[in-house]
Amino acid sequence: MSAIAGKSASAVSAKTPARVADGRLRILVYILILALLAVAVIWAQGSLDPYKRRVLSVGAINVTLAVGLNIIYGYTGQFSLGHAGFMAIGAYTSALLTMSPAQKAANFFIIPIHPLLANVRLPFLPAVLIGGLLAAVFAVLIGIPVLRLRDDYLGMATLGFSEIVRVLINNMQSITNGSLGLKGIPEYANMYWTFGWAAFSVIFAMRLAKTSFGRAFMAIREDDIAAEAVGIDLTHHKVEAFAIGAFFAGVGGALLGHWSSAVDPKMFTMAATFQVLTIVVAGGLGSITGTVIMAFAYAIAMEALRFIEAPMNLGIIRIPGIPGMRMVLFSVLLLVVILRFRQGLMGQRELSIDPILRRIWPRCVAEAPAEAPKGVRG
Amino acid sequence: MTLALFLQHLANGISLGSLYALVAIGYTMVYGILRLINFAHGNIFTAGAYLAFVGVALLQLSWGAAYVMAIVLTAALGVLVERVAYKPLRDAPRISVLISAIAVSFLLENLMVIIFGGRPKSFFRPPVFDQVMDIGSVKVPTVTFAIIAASAVLVIALSYMLYRTKPGLAMRALSSDFDTARLMAIDVDKTVALTFVVGSSLAAVGGILWAIKFPQVNPFMGGLPGLKAFVAAVLGGIGNVQGATIGGLMLGLAEVLLVAVFPAFSGYRDAIAFVALILILLWKPTGILGQEGRVKV
């Protein structure tokens, strides 16, 4: 309920002159930040070596994926373990739309590709959009019945959905090429695309949090019975949050496919969902900036820790590589976060530019409204 | 399909179902008391099989001694997981405990990858389980028979414990009302630990029998059977031991018979459990034998 109270309070004071200037200044600063980010990405795409570009791209893809889960779980409180399924839908759909007919023919050598798909070819952006939208359509179809469930049951049902998607992909050979997967997907996902989508997902989620729609999501998270009592249509909003989250999962999956140039059903097991869940929980449920920080930290740590799985040569002794070591560390990380620091890195807070603005130009920035009391989370 | 062939499939289905049932009982008992889906239970199952593998292949124990050692150590592992990852969260939101369980599951899985390597290892199958028994015109491998017999004995023993002994009474009391049971001087920590001992031992037996049936072990072997056993527990009515047994048998039979009757759909057999899960959750979330519960505002 605290979310709704906070909104009406800010609506009352919205029209004072200081606030207007404040709003304009803020938009200016946001545009500035985006411009700086754009310049940084253009520079990075041009002058960083391909290895670093790939690692940063994974970070950006993680952002898109994790923002999606954060909208479902962090904002709306619906515990979903189905992210990998939506990623798979987005990845396969977009890959089938961007691959050349010749490349498809080379892939489907056991069972020929379905004639409808053999010759379609679309540019990257529409292919990714269709991948994301199809994931959202599936989210609506599965969400309408399943979102009546709560908490752990919802988690298991969505995990069941994700596993069903995997079984279907393994078996629908003429569409997905079965367990062989798709190879030779054009590597379109450069830093412009991955960071562009990451920025879009972050802006979208932050704007969403300020709309009545987003407030309704959070009201459902805090107390669904009370939310229903004040007239929020539960099913409607839950399904919508689920579809938005699934859209970003689909987009993230599509980017991942065009980043690695190959997809197969093994990429979309529970382990993929686990990774996104770790990012969201460790970053702070409901905190988009926390998610962004953790998404990049995860991608960079995953690469930086690669050495612990490689064979080591210590002069006389040679230690063989230990595959699986990084996943052990990340499982321990999630365990420690949930046992000791349940709020994660940022809790429900966001990094804000207000303190900096206030220092630079104190007259034009209104005092931040007193923080709304925290509700009980579950 | 001839009668003999049908009986053959029936025996296979019941043996697969008994394995699901053994694992499902662990899920259902923990859920009954802590309202927690013990996501790591499938990995406890794997650990049981690996410990038996270690006993036979590395420690050169006789297979009987190796199995006993594996069951005891797996029970200890189950209790350890509870102490470290679940007990500190007893008053936390339920989803936090579930996330903790998911973390433990990945931790155990990858620890086994580190210790034993990712590749499957062949599991020693004692000669007793290599033979084939002829019952009329039906040929039943002894391992199938052993699985069914062992599961039946264990389920009966567990029912005796639950309904005829003091610790069993304590478990049932905690399961029906955690807070009131605590007021009635039931030692919660001890009873929860005992629940994990029983659940993990049954999972270990399941894991060992599974490894005998498909004679190999690998770090990921518990993932799918674990999830399916959870589905079996929900199917039968979570929190209910008889329900878990019935759910396990139904699931095992459904999987075997689907492949037997429609061989073209054999690729979809892993989907049965999850489709069943979604349908049962929507149609009757309390399962076949579960009790109706109401959410209090």
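A few comments on the model shown:
- Of the set (1) open to solvent by 10 Å² or more (accessible area, probe 1.4 Å); (2) at pLDDT 90 or above, all apply to B:Tyr86 but (1).
- Of the set (1) of a type outside the set (S, T, N, Q); (2) more than 30 Å from B:Tyr31 (Cβ to Cβ); (3) free of Cβ contacts under 8 Å to residues at least 40 places away in the same chain, all apply to B:Val140 but (3).
- Some residue of the stretch B:130-143 being aliphatic (A, V, I, L, M), over 20 Å from B:Gly64 (Cβ atoms) and in a helix (DSSP H, G or I): no
- Number of residues in the stretch A:298-314 that are under 25 Å from A:Gln78 (Cβ atoms) and open to solvent by 10 Å² or more (accessible area, probe 1.4 Å): the value is 0.
- Of all residues making up the stretch B:260-282, the number that are open to solvent by 40 Å² or more (accessible area, probe 1.4 Å) and either of a type in the set (Gly, Ala, Ser) or more than 10 Å from chain A (Cβ to nearest Cβ) (or both): 5
- Some residue of the stretch A:179-187 being within 30 Å of A:Leu234 (Cβ to Cβ), open to solvent by 50 Å² or more (accessible area, probe 1.4 Å), within 14 Å of chain B (Cβ to nearest Cβ) and assigned to a helix (DSSP H, G or I): no
- Which numbered condition B:Leu194 misses (of (1) open to solvent by less than 20 Å² (accessible area, probe 1.4 Å); (2) part of a helix (DSSP H, G or I); (3) not small (Gly, Ala, Ser)): (1)
- When A:Trp197, A:Trp193 are checked against the criterion of being assigned to a helix (DSSP H, G or I) and under 17 Å from A:Ala135 (Cα atoms), A:Trp197 stands alone in meeting it.
- Pairs, first under 21 Å from B:Phe220 (Cβ atoms) and of a type in the set (Asp, Glu) in the stretch B:85-111, second open to solvent by 20 Å² or more (accessible area, probe 1.4 Å) and not in a helix (DSSP H, G or I), C-beta under 9 Å, six or more apart: B:Glu109/B:Phe220
- Residue match in the stretch A:57-67 (condition: within 28 Å of A:Asp224 (Cα to Cα), among the polar types (S, T, N, Q) and modelled with pLDDT of 95 or more): yes
- A:Ala227 touching a Gly at 6+ places or on another chain (Cβ under 8 Å) and open to solvent by less than 40 Å² (accessible area, probe 1.4 Å): no
- Residues within the stretch B:90-105 that are assigned to a helix (DSSP H, G or I) and more than 7 Å from chain A (Cβ to nearest Cβ), tallied: 3
- Verdict on B:Pro126 being more than 14 Å from chain A (Cβ to nearest Cβ), in contact with a helix residue (DSSP H, G or I) (Cβ under 9 Å, 6 or more places away or on another chain) and open to solvent by less than 70 Å² (accessible area, probe 1.4 Å): yes
Residue-by-condition table, conditions (1) in a helix (DSSP H, G or I); (2) in contact with a strand residue (DSSP E or B) (Cβ under 6 Å, 6 or more places away or on another chain); (3) on the phi < 0 side of the Ramachandran plot; (4) touching a residue at least 12 places away in the same chain (Cβ under 8 Å):
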| residue | (1), (2), (3), (4) |
| --- | --- |
| B:Val23 | yes, no, yes, yes |
| B:Asn38 | no, no, yes, yes |
| B:Ala57 | yes, no, yes, yes |
| B:Val68 | yes, no, yes, no |
| B:Leu77 | yes, no, yes, yes |
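- Test result for A:Arg19, in contact with a Ser or Thr (Cβ under 9 Å, 6 or more places away or on another chain), modelled with pLDDT under 90, surrounded by 12 or more Cβ atoms within 10 Å (Cβ to Cβ) and not β-branched (Val, Ile, Thr): yes
- For the stretch A:141-149, the count of residues that are part of a loop (DSSP other than H, G, I, E, B), open to solvent by 50 Å² or more (accessible area, probe 1.4 Å) and either within 14 Å of chain B (Cβ to nearest Cβ) or modelled with pLDDT of 95 or more (or both) is at least one.
- Scope the stretch B:238-271; condition farther than 25 Å from B:Gly32 by Cβ and among the β-branched types (Val, Ile, Thr); matching residues: B:Val256, B:Val259, B:Val261
A quick yes/no check of all residues on (1) in contact with a Ser or Thr (Cβ under 9 Å, 6 or more places away or on another chain); (2) at pLDDT 70 or above:
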residue: A:Met302; (1), (2): no, yes
residue: A:Leu314; (1), (2): no, no
residue: A:Arg318; (1), (2): no, no
residue: A:Ala366; (1), (2): yes, no
residue: A:Val376; (1), (2): no, no
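- Residue check for A:Pro112: surrounded by fewer than 14 Cβ atoms within 10 Å (Cβ to Cβ) and within 28 Å of the chain's Cα centre (by Cα): no
- For the stretch A:162-178, taking the residues that are open to solvent by 20 Å² or more (accessible area, probe 1.4 Å) and within 30 Å of B:Lys284 (Cα to Cα), the one that is farthest from the chain's Cα centre (by Cα) is identified as A:Asn171.
- Some residue of the stretch A:248-267 being open to solvent by less than 30 Å² (accessible area, probe 1.4 Å) and within 14 Å of chain B (Cβ to nearest Cβ): yes
- One residue alone among B:Ala232, B:Ala181, B:Ala244 is open to solvent by less than 20 Å² (accessible area, probe 1.4 Å), part of a helix (DSSP H, G or I) and at pLDDT below 90, and that residue is B:Ala181.
- Any pair with Cβ under 9 angstrom, 6 or more apart, that starts in the stretch B:208-228 at a residue that is within 14 Å of chain A (Cβ to nearest Cβ) and ends at one that is of a type in the set (Lys, Arg) and surrounded by fewer than 24 Cβ atoms within 10 Å (Cβ to Cβ): B:Asn218/B:Arg119; B:Asn218/B:Lys121
The values are calculated or read from the model by the stated rules, or taken from the named source; none is laboratory data. Computed from a prediction, not measured in an experiment: that's the story for all the values here. Note that each Cβ is placed from the backbone with ideal geometry, even for glycine, and that neighbours are counted across all protein chains shown. These accessible areas exclude ligands, DNA and RNA; they are computed on the full protein's heavy atoms, side chains included. Shrake-Rupley method; radii C 1.70, N 1.55, O 1.52, S 1.80 Å.
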